[in-house]
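Taking it in order: structure first as structure tokens, then the write-up.
The values are calculated or read from the model by the stated rules, or taken from the named source; none is laboratory data. What you see is a predicted model, and the numbers here were worked out from it, not measured in a lab. Methodologically, a virtual Cβ is constructed for each residue, glycine included, from the backbone with ideal geometry; neighbour enumeration extends over all protein chains shown. Protein only, heavy atoms only, side chains kept; ligands, DNA and RNA dropped before computing areas. Shrake-Rupley method; radii C 1.70, N 1.55, O 1.52, S 1.80 Å.
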Amino acid sequence: MSGDFHFQPEDRPRLDSKYLLRWEKSQDAYVLLYPEGVIKLNATAAEILKRCTGETTAANIAAELKALFVDNADIENSIYKFLEVTHGKGWIRR
Amino acid sequence: MAKDGSAVSLDGQGKPMWLVLELTYRCPLKCVWCNNPLDFDQYGKKELSTEEWKRILREGRELGALQLGFSGGEPMLRDDLEELVEEAERLGYYTNLITSGVGLTPERLKALKQAGLKQIQLSLQSANRSLTDELVGARAHDLKIEVARMIKAEGFPMVLNVPVFRQNIDQVDEILALAEDIGVDYLELANIQYYNWALLNRDELLPTREQIERAEAAVIAARQRPGQQMTIYFVIPDYYETRPKACMNGWGTIHLTIAPDGAALPCQEVRVIEGLEFPTVREHSLDWLWNDSPLFKKFRGDEWMKEPCRTCDEKEKDFGGCRCQAFLLTGDATNTDPACAKSPHHHVIEMAVNKAREKHHVPRPLVRRQIGAVTTVFMEHK
Ligand SMILES: C[S@@+](CC[C@H](N)C(=O)[O-])C[C@H]1O[C@@H](n2cnc3c(N)ncnc32)[C@H](O)[C@@H]1O
Ligand code: SF4
Ligand code: SF4
């Protein structure tokens, strides 16, 4: 699905309006809620999606994540990949 | 690391993640496939009060419930719906309204939006006025379409639920076009499940295999159409599969339904099983009902299983199927769901399927869901 779609550094991804991202104490994690579904997010996924507000550019999201998770040099590629995959799933829009 | 699959789905961890409140069994429509109890009219006087529903909402959140469905019957018949939605939002649920559309006026829709309602699932039965109206036993088609457009205009995400059976399954193409035109986000073409009114009318409602194959082909073609925005689900009836559905994702694992009288149920159909007791929130805490009540413990895990399920390597996948269907079609809720080809009772499913295929099917009348249509007093367990 994400095959021929690529986010550019200046794109500002935003969460699709059907999805609701919030902290859930009982799961000790961020969850993504949508019609008829719940997805529990790991820390990285949550940090990326939190920034998908339509205000922050993909480049800035990548830079901020890099600062958060310093130990990984290749994080930038992974973030673009994540954005593309979740775009394919309909979670985020460009 | 962020990569495909890094966002895992919840397994529930023993929490009733999905809470469904059946606010009432009252309903202005008379759907012949309705899965509400046959004796739905017995619940009117026992319906929970606003305060009782609010208590359930609080206790549900404490147990870790996240998704909340307001259903019924017709939930719009409760004039405290907006108040309950507001309380649910305050508590942090993702709120879903499941409605036939009858009673969803522009004013109430606005009030629900204001109360924070997240999503609406509307049911529609065909793309054609006279067919819908005949099927639901009332003039409802035009109203439903109007309500659908209003829901989208108000900016709600929307699921269009189309229960599918012999009388409407050949309309899949028209329904797809209509749903696209309305701007539906999720279209759920759900072959009905055969409980209660649907089971009563099964011989007339069950489609043929050829009908299902044609409908499925139309769905696959629609999914591949360029620019397709709508997510389309197509649920095949378990009668035509050789394995049962993973009913409720396992008994008492993630689903909790509260009936209009406050009974806590592992699934909305479970009262069809003879010999079980159904304690309510009026006598017990939700915590006890979910974690400790004999009803919820009855079929949790796989201790209760008999052969062929007990030693089957697929039992983690489907949990032996549906307990209600096992009871209704074999007389024993601990049997393997007869939808499974390994069940020694599978012939009861094959017989129903063969009947649907009969060339010289003599049409019989459909029984409408309405007070007095049937009597249940001679059914031992009622
Ligand atoms: C029982 S109704 C209650 C809400 C509302 N009265 C309505 O019809 O939308 C809940 C949902 O179940 C669906 N439904 C009813 N009978 C069914 C059956 N036998 N099998 C599968 N779904 C069914 C309806 O189409 C609806 O989407
Ligand atoms: S399925 Fe039909 S009869 Fe049953 S509750 Fe919904 S609208 Fe009413
Ligand atoms: S025998 Fe039981 S566990 Fe095995 S596939 Fe059939 S229903 Fe599922």
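The heavy atoms of B:Glu277 present about 150 square angstrom of accessible area, all protein chains included, probe 1.4 Å. Determine the share of chain B's accessible area contributed by carbon and sulfur atoms, expressed in whole percent, with a 1.4 angstrom probe. That share works out to 50 percent. Across the cross-link table entries A:Lys40/A:Lys89; B:Lys118/B:Lys152; B:Lys113/B:Lys152; B:Lys15/B:Lys113; A:Lys50/A:Lys81, which are compared at the Cα atoms, the separations over 18 Å belong to B:Lys15/B:Lys113. Residues A:Tyr30, B:Tyr195, ordered by accessible area of protein heavy atoms at a 1.4 angstrom probe radius and largest first, appear as A:Tyr30, B:Tyr195.
Across the protein chains, with a 1.4 Å probe defining accessible surface, the residues B:Trp18, A:Trp91, B:Trp288 rank B:Trp288, B:Trp18, A:Trp91 from largest area downward. By definition, a body whose alpha carbon gyration tensor gives a ≥ b ≥ c is rounded when a/c is under 1.5, and chain B falls into this rounded group.
Largest accessible area first, the residues B:Glu210, B:Glu283 order themselves as B:Glu283, B:Glu210 under a 1.4 Å probe with ligands, DNA and RNA left out. Cβ screening of chain B for cysteine pairs under 4.7 Å finds these without a partner: B:Cys27, B:Cys267, B:Cys309, B:Cys312, B:Cys324, B:Cys340.
Association of chains A and B removes close to 2400 square angstrom of accessible area from solvent, both sides included, for a probe radius of 1.4 Å. Estimated purely from DSSP H runs of n ≥ 4, each contributing -39500 (n - 2.57), the mean residue ellipticity at 222 nm for chain B is -9500 deg cm²/dmol once divided by its residues. Using the rule -39500 (n - 2.57) for each DSSP H run of four or more residues, divided by the residues of chain A, the 222 nm mean residue ellipticity is -10500 deg cm²/dmol.
Build a GNM of chain B with springs between Cα atoms under 10 Å apart, and of B:Gly92, B:Gly101, B:Gly372 the one that fluctuates most is B:Gly372.
Toward the positive end of the charge dipole of the protein assembly as shown, with +1 on the Cβ of Lys and Arg and -1 on the Cβ of Asp and Glu, the farthest Cα among B:Val85, B:Thr330, B:Ala356 is that of B:Ala356. Across chain B, C-alpha contacts under 8 Å between residues 6 or more apart give a mean separation that, scaled by the residue count, equals a relative contact order of 19 percent. The figure for A:Arg93 is an accessible area of roughly 80 square angstrom, using a 1.4 Å probe on the protein chains alone.
Considering only the protein assembly as shown, what is the antiparallel percent among its DSSP beta bridges, to the nearest 5?
On the way: 17 of 50 bridges.
Percent antiparallel among DSSP bridges in the protein assembly as shown is about 35.
Each residue was assigned an accessible area with a 1.4 Å probe, and for B:Ser130 the value is about 80 Å². 3J(HN,Hα) along the stretch B:371-378, derived from phi through the Karplus expression 6.51 cos²θ - 1.76 cosθ + 1.60 where θ = phi - 60°, amounts to 4, x, 5, 9, 10, 10, 5, 8 Hz, with x in place of Gly and Pro.
Using the Cα centre as the reference, give the magnitude of the dipole from point charges on the C-beta atoms of the stretch B:334-379 (Lys, Arg: +1; Asp, Glu: -1; all else neutral), rounded to the nearest 20 debye.
It works out to roughly 220 debye.
Taken about its Cα centre, chain B carries a charge dipole of about 320 debye when Lys and Arg each add +1 at the Cβ and Asp and Glu each add -1 at the Cβ.
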